[in-house]
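Q: First, the structure itself, so that you have it in front of you.
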Amino acid sequence: MSATLEQKTGEQKTGEQMTGEAGAELTDGFHLVIDALKLNGIKNIYGVPGIPVTDLGRLAQAEGMRVISFRHEQNAGNAAAIAGYLTKTPGVCLTVSAPGFLNGLVALANATTNCFPMILISGSSEREIVDLQQGDYEEMDQLAVAKTLCKAAFRVLHAADIGIGVARAIRAAVSGRPGGVYLDLPGKLFGQVMEAEAGRRSLVKVIDPAPAQIPAPSAVERALDVLRGAKKPLIILGKGAAYAQADDAIRNLVEKSGIPYIPMSMAKGLLPDTHPQCAAAARSTVLKESDVVMLIGARLNWLLSHGKGKSWGAPGSQKFIHIDIEPREMDSNVEIAAPLVGDIGSCVGALLVGMGSDWKHPPETWTKSIDDKKESNIARMASRLGKNSSPMDYHSALRVLRDVIKERPDTILVNEGANTLDQARGVIDIYQPRKRLDVGTWGVMGIGMGFAIAAAVETGKPVLAIEGDSAFGFSGMEVETICRYNLPICVVVFNNDGIYRGDGVNPTGGADPAPTMFVPGSRYDKMIEAFGGVGVNVTTPDELKSAVDAAIESGKPTLINAVIDPAAGSESGNIGNLNPKSALSKKAGA
Ligand code: OXT
Ligand code: ADP
Ligand code: MG
């Protein structure tokens, strides 16, 4: 979009721009940023308005972009990050300078850690003042701060460079291993004026932003050789595999090979969790007993006990094949016998060709031993799920939510908390790719509402957010955002009065509650009612099921306060082993 020179004030023009002929069509920094984003297929902006980006949001809306305004930049940043994960196009988060920028940084760092493509665009103060530390409004050297927390960081000083700046940010976010990118736009840039035609020519449509990375034929052959020699092979699917959107190829590889697989949490649903080759319910057995493990878009980080130690087989007894786009990921924790570097679609495609038509499935002794273990774990889980405890425990509440997802498999599940996370991951089967979004690599609380909002905005699908009461608190104010945009999101708060458990005691007997406790009997459902949404308080599985069904049926913003037994959880959920304990300090009741 553009204006004529007469419509612009002299204030906004640089000397160079003044040379434009009177009456010539003009554009400015605001419009160039919007045009550059739109040219590259970015349709939505998640952010918080304020100086100097208020007009950027307004004008973006006027130019047909969807601008979702949040209550806090961290949530907007999380929304942008998961939008990037779901669409393979970088999600954009827009913030004001220093404090807004800093609020967005947790999400930027988290996106980078999780390999989600996003661009944090922040307005900033003028370089001349920042560099002399003269105390500008919200002064900060944002570029320097951002650099350590993201994959790439750029600053644009001239309107004519906006096209290149946005192009560089997009390519950096999605090419190779995806991640977070910071784009610093000083306030003065937005008002810079230039001739519209020159502005249009300065824009860059990024061609092939994430080029296929074809694996070397020798690396494919090596991987197949290792796989052929396996007696107890295992495939581990990670969220990189879900991100890659090579769903059919991955399914073909799993089924053609006959190899049992486990999905990391966000890879659940890449193949339905009910698939006969899914060994999630025999996780410990397959990690320990497999002889060849093929990782597809999953890192051997803490979530896989670094590929060694007591969760795994004896040292030297297991060989790893690792498919990843990032060569430096190889050998990060253990030796990789067959590194297969490339994009997952190309690598899996090449393996399928190399396997030919007479690939032998693994020995039945292996698959049978897994099935036996699965059966016993599933029976153990069934007995927990069968109970109708009052007040509800995690399993009785999750049983009905499991049924909801089974009945409506295109619902996107967002999940955070400790017990609320770990139990839901085990109980709720996912049937379609990219339908489970959670705390990811860092186990970070606070992704809930941002992820839920972007999932609804980007896909138009119903969203069910299952939240611990603590987890919800990190982004809870965004229920207003959910109501404002009338999004089809049903939030279920598992309210056990606290972090992990709601029965903590102050060991001194003093008036302050224990650090892990919240106000007992809180009614989170009342929060959404304040903004015109539907609030429901439930105490039984039946009430929970009808409330969720009604929410998803109606598409109305809904928050269900599900009352959970304060004594049902365990400290840190399934990862209590990571929680250091003092042998000296006084505990309640000790
Ligand atoms: O094979 P075995 O026999 O071992 O059995 C396994 C499976 O085979 C079996 N299984 C099944 N059986 C039957 N059927 C099915 N379908 C099935 N599926 C599996 O079950 C067992 C277990 O399986 P699982 O879960 O796959 O395996 P395991 O061993 O647990 O896997 C290991 C891990 C590491 C992969 C897994 O545990 C995992 O992914 N964990 C992620 C944990 C995580 O990230 N947690 C979040 C962080 S906790 C903590 O940090 C919290 N904080 C601090 C904080 C954070 N995080 N962030 C910020 C910004 N500030 C502070 C806080 C504040 S959590 C938290 C809030 C907590 O309170 P809330 O109120 O929100 O929540 P509540 O706890 O509910 O109160
Ligand atoms: P999880 O937590 O599910 O185990 P991780 O986040 O640890 O998954 O690992 C994801 C991996 O996927 C990263 O190492 C990343 O480099 C890789 N990855 C992401 N996208 C692709 C892709 N298109 N092709 C290949 N590897 C990818
Ligand atoms: Mg809790």
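The values are calculated or read from the model by the stated rules, or taken from the named source; none is laboratory data. Note that the coordinates shown come from a computational prediction; the quantities given were computed from them, not determined experimentally. Note that we place each Cβ from the backbone using ideal geometry, even for glycine, and neighbour counts take in every protein chain shown. Accessible surface areas use protein heavy atoms only, side chains included; no ligands, DNA or RNA. Shrake-Rupley method; radii C 1.70, N 1.55, O 1.52, S 1.80 Å.
Q: Out of the residues in the stretch 415-442 meeting the condition of being β-branched (Val, Ile, Thr) and within 16 Å of ligand 3 (Cβ to nearest atom), tell me which one is nearest to Ser475 (Cα to Cα).
A: So the residue we want is Val439.
Q: Among residues belonging to the stretch 332-346 that are within 18 Å of Leu303 (Cα to Cα) and within 25 Å of the chain's Cα centre (by Cα), point out the one that is most open to solvent (accessible area, probe 1.4 Å).
A: This residue is Ser332.
Q: In addition: Exactly one condition in (1) aliphatic (A, V, I, L, M); (2) open to solvent by less than 20 Å² (accessible area, probe 1.4 Å); (3) closer than 20 Å to Gly180 by Cβ is not met by Ala60; state its number.
A: (3)
Q: Follow-up. State whether the residues of the stretch 358-380 include one that is hydrophobic (A, V, I, L, M, F, W, C), open to solvent by 70 Å² or more (accessible area, probe 1.4 Å), part of a helix (DSSP H, G or I) and under 19 Å from Pro260 (Cβ atoms).
A: Kept after step one, since they are hydrophobic (A, V, I, L, M, F, W, C), are these residues of the stretch 358-380: 359, 366, 370, 378-379.
Narrowing further to those that are open to solvent by 70 Å² or more (accessible area, probe 1.4 Å): 378.
Retained after the next criterion (residues that are part of a helix (DSSP H, G or I)): 378.
With under 19 Å from Pro260 (Cβ atoms) added as a condition, the list becomes 378.
Yes, the stretch 358-380 contains at least one residue that is hydrophobic (A, V, I, L, M, F, W, C), open to solvent by 70 Å² or more (accessible area, probe 1.4 Å), part of a helix (DSSP H, G or I) and under 19 Å from Pro260 (Cβ atoms).
Q: Just to be sure I understand the filter: pairs with C-beta atoms under 6 Å, separated by 6 or more residues or on different chains, first member in the stretch 216-230 and farther than 16 Å from Gly258 by Cα, second member assigned to a helix (DSSP H, G or I) and open to solvent by less than 50 Å² (accessible area, probe 1.4 Å). Which pairs pass?
A: Val220/Ala350; Val220/Gly354
Q: Mind listing just one residue for me: the one in the stretch 302-319 that is open to solvent by 30 Å² or more (accessible area, probe 1.4 Å) and within 10 Å of ligand 2 (Cβ to nearest atom) and, of those, nearest to Tyr243 (Cα to Cα)? It would help to see each step written out before you state the result.
A: Within the stretch 302-319, the first condition is being open to solvent by 30 Å² or more (accessible area, probe 1.4 Å), and the residues that meet it are 302-303, 305-306, 308-311, 314-317, 319.
From what's left, within 10 Å of ligand 2 (Cβ to nearest atom): 302-303.
Working: Trp302: 20, Leu303: 18 Å.
Here the answer is Leu303.
Q: Right, something else. Out of everything in the stretch 166-208 that is more than 12 Å from Asn40 (Cα to Cα) and without any contact (Cβ under 8 Å) to a residue 40 or more places away in the chain, what residue ends up being surrounded by the fewest Cβ atoms within 10 Å (Cβ to Cβ)? I'd like the intermediate steps shown before the answer.
A: Kept after step one, since they are more than 12 Å from Asn40 (Cα to Cα), are these residues of the stretch 166-208: 172-202.
Those still in the list that are without any contact (Cβ under 8 Å) to a residue 40 or more places away in the chain too: 172, 175, 198, 201.
Values: Ala172: 24, Ser175: 18, Ala198: 15, Arg201: 11.
Among those residues, the one meeting the criterion is Arg201.
Q: Is there any pair linking a residue in the stretch 374-396 that is closer than 26 Å to Gln277 by Cβ and within 16 Å of ligand 3 (Cβ to nearest atom) to one that is open to solvent by 60 Å² or more (accessible area, probe 1.4 Å) and not in a helix (DSSP H, G or I), with Cβ under 9 Å and at least six apart or on different chains, and which?
A: His395/Lys387
Q: Being of a type in the set (Lys, Arg), assigned by TED's automatic domain parsing to the domain that holds Asp403, in contact (Cβ under 8 Å) with a residue 12 or more places away in the chain and under 25 Å from Asp393 (Cα atoms) narrows it down to one residue among Arg484, Arg523; which is it?
A: Arg523
Q: For the stretch 443-560, which fully contained helices (runs of 4 or more DSSP H) count at least 1 residues that are within 12 Å of ligand 3 (Cβ to nearest atom) and open to solvent by less than 30 Å² (accessible area, probe 1.4 Å)?
A: Of the helices (runs of 4 or more DSSP H) lying wholly inside the stretch 443-560, those with at least 1 residues that are within 12 Å of ligand 3 (Cβ to nearest atom) and open to solvent by less than 30 Å² (accessible area, probe 1.4 Å) span 469-473.
Q: Can you tell me which condition Ala298 does not meet? The list is (1) over 20 Å from Ala246 (Cα atoms); (2) touching a helix residue (DSSP H, G or I) at 6+ places or on another chain (Cβ under 7 Å), and all the others hold.
A: Here Ala298 clears every test but (1).
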